[in-house]
Amino acid sequence: MIVDRNLTRFVVLDEEAVRLVLAKIDANQEGVVVCVDGAGVLQGLLTDGDVRRWMIESGSPDLDLPVGAIANRSIVSAPIDADPLTVDALFDDGVRVVPLTDSLGRCVALAWPHQNNFVVGGRRIGTRDPCFLIAEIGINHNGSLDLAYKMIDAAVESGADCVKFQMRDLSSLYSNAGNAGDHREDLGSQYTLDLLSRFQLSADEMFLALDRCSDRGVIPLVTPWDVVSMNHLEDYGVTAYKTASAEFTNHPFLRSLARTGKPLICSTGMTSEAEIRESVGLLIDAGCQFALLHCNSTYPAPFKDVNLRYMETLREIGGCPTGYSSHDRGINVSVAAAALGANIIAKHFTRDKEMEGNDHRVSLLPSEFADLVAGVREVESAMGGARAREITQGEMMNRETLAKSLVINTNLEAGEIIEAHMVDVRSPGRGLQPNRLTTLIGQPTRRSLQPGDILFPTDAGESKSEPRKYSFNRPMGIPVRYHDLLGLKDRSNFDFLEFHLSYKDLEEDES
């Protein structure tokens, strides 16, 4: 069971017009809205099926009718503090969403049996949505708010959907209270503590950076590494959290994050499959909305160790949006992740790969991140769907030029029977395709034919499209060759014709 506290997509007032509610049902892609009164008290539900039945039964539906008049008031709901197992037991074939109410009966959340998508900063993330591209600044600002501003601006110009930072309270995060001069720590910890102590933004500076993101129209996101940082971010009012791979086995911290009611985007580097399944179970039990990011936490990650297809396993484990948090070099693996269906891609971002710090060398420059964005969007456009194969407009044009048609090779009068020996296969491909020969043989001719005439579907018995008059609220015309003019001008009401001329046409004397 998943608890969604972001109700903007689903809640409508009972006095809103049905036509407005239909648009909301279509926009949220879940086919349902929750009807409340002006005080937010739950009144009922309305599904796309309810609307269809009402429209059929009413005959002449009034789309300006208040939605409260047609909402289904016989609904299953539960208190917000109900035991998750109790709520989970309410789902069946007829109940696919359960409104959760507070002590005053106000709808404060929705429970779903599974999660198809969730919203971060107004942006929906799911299997039917564009890939959510995160520019991971982390601490690559090297402690400079001015540099953080410049990096945010560069990320926006590169096409990022989201800019992410990291936030730590070193005194509570480290067992030695974040003492960067502690000689007892091993070399790796000493180096990391030294960087963090110098490259942290203060809480107030972090909030200014997040404000800058919102001002520039990009979604801000932060990875808190401790409860103190999480509380700072709760006070600020973030809409979601990103969790670091190192925290995915930190169950107490995951529970704290889950209790905020915010969606979590969780990296899974440095964890075994058994640990992933255990943490996913924790998040599901907490009713948390979450996504899982496949990740190899080596800097840089060798290509041979990436195992990108593991995203497919994460989908099966979590039943949630999935993606890839990249620590490999370049953009190719991330673009491949998009081709494999990643809903989220996170990539480290810098303005200078030679700056001090662990992440700069595995980060993308603004121009490289722009290439990543372009590559992912091109892949998304090319992926299409599982629809039937159709001939595109460009292919149809090339088919006319390059393919072949069935062509008559003798004189025939209307009504004579077409026989196999009367038909040849010749270019161009404007007419009936050669694979239609068997349907053509034995057909009576519907017109007089001469050798070289191309045969068309109407010659094989198909109905003929007739020209007619059209009515549009703007001028209407079509592209033609110059010799089409006489045949077209009296057959429809074109406002204009756009002539396409070949170099041969220019040599013709049409005076």
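Read-outs throughout are calculated quantities, based only on the coordinates presented, and are distinct from any laboratory measurement. The model shown is predicted, which means the values in this text are computed figures rather than measured ones. Positions of Cβ are generated from backbone atoms using ideal geometry, with glycine treated the same way; all protein chains shown enter the neighbour counts.
For this structure, a couple of remarks:
- Relative contact order for the chain: 10 percent, from Cα pairs under 8 Å spaced at least 6 residues apart, divided by residue count.
- Loop-resident trypsin sites (Lys or Arg not before Pro) (DSSP state other than H, G, I, E or B) in the range 252-352 with no more than 12 further Cβ atoms inside 10 Å of their Cβ: Arg309.
- Seen from Pro113, the other residues with C-beta closer than 9 Å to its C-beta sum to a net charge of 0, counting Lys and Arg as +1 and Asp and Glu as -1.
- In the chain, a dipole from Cβ-located charges (positive for Lys and Arg, negative for Asp and Glu) runs towards its positive end, and of Val41, Gly385, Val67 it is Gly385 whose Cα lies farthest in that direction.
- Stokes-Einstein translational diffusion, the range 225-271 - Kirkwood Rh over all Cα pairs, 1.567 mPa s, 4 °C, in µm²/s: 120 µm²/s
- In plain terms, if you count all Cα to Cα distances in the chain and split them into 20 Å steps from zero, the share in each step is 17, 37, 27, 16, 2, 0 percent.
- Rg and Dmax [Cα atoms of the range 308-422; Å; Rg one decimal, Dmax integer]: 25.9, 87
- Here Asp83 and Val11 are evaluated by their C-beta separation; at R0 = 41 Å the FRET efficiency comes out at 0.95.
- For the range 387-434, the equivalent ellipsoid derived from the alpha-carbon gyration tensor has semi-axes of 27, 12, 9 Å in decreasing order.
- Added length on full extension, which subtracts the Cα-Cα distance from 0.36 nm per residue, Arg430 to Ala386: 13.0 nm
- Dimensions (Å) - the range 359-422, Cα atoms, principal axes, largest first: 79, 23, 17
- Average projection, convex hull of the Cα set of the range 185-317: 9.8 square nanometres.
- A crude spin-label estimate for the pair Glu57 and Glu400, with each label 7 Å from Cα along the Cβ direction, gives 5.2 nm.
- The label-point distance for Leu104 and Thr239, in a model that sets each label 7 Å from Cα toward Cβ, rounds to 2.5 nm.
- Taking GluC sites (Glu not before Pro) across the range 393-497, the ones in a DSSP loop with at most 15 further Cβ atoms lying within 10 angstrom of their Cβ are Glu413, Glu416, Glu419, Glu462.
- Under 10 Å, Cβ to Cβ, from Phe349 - net charge with Lys/Arg +1 and Asp/Glu -1: 0
- Over the C-alpha trace of the range 27-105, radius of gyration and Dmax come out as 14.1, 44 angstrom.
- Here the relative contact order of the range 22-93, from alpha carbon pairs under 8 Å that lie six or more residues apart, stands at 25 percent.
- Difference of contour (0.36 nm per residue) and Cα-Cα distance, Arg128 to His483: 123.1 nm
- Pairwise FRET efficiency - Ala274 versus Tyr149, Cβ, R0 = 35 Å, nearest 0.05: 0.25
- The long axis of helix 203-215 is offset from the longest Cα principal axis of the chain by roughly 10 degrees.
- With the cut-off at under 15 Å, measuring from each backbone N in the range 107-128 to a point 7 Å along the Cα-to-Cβ line of His251 picks out no residue.
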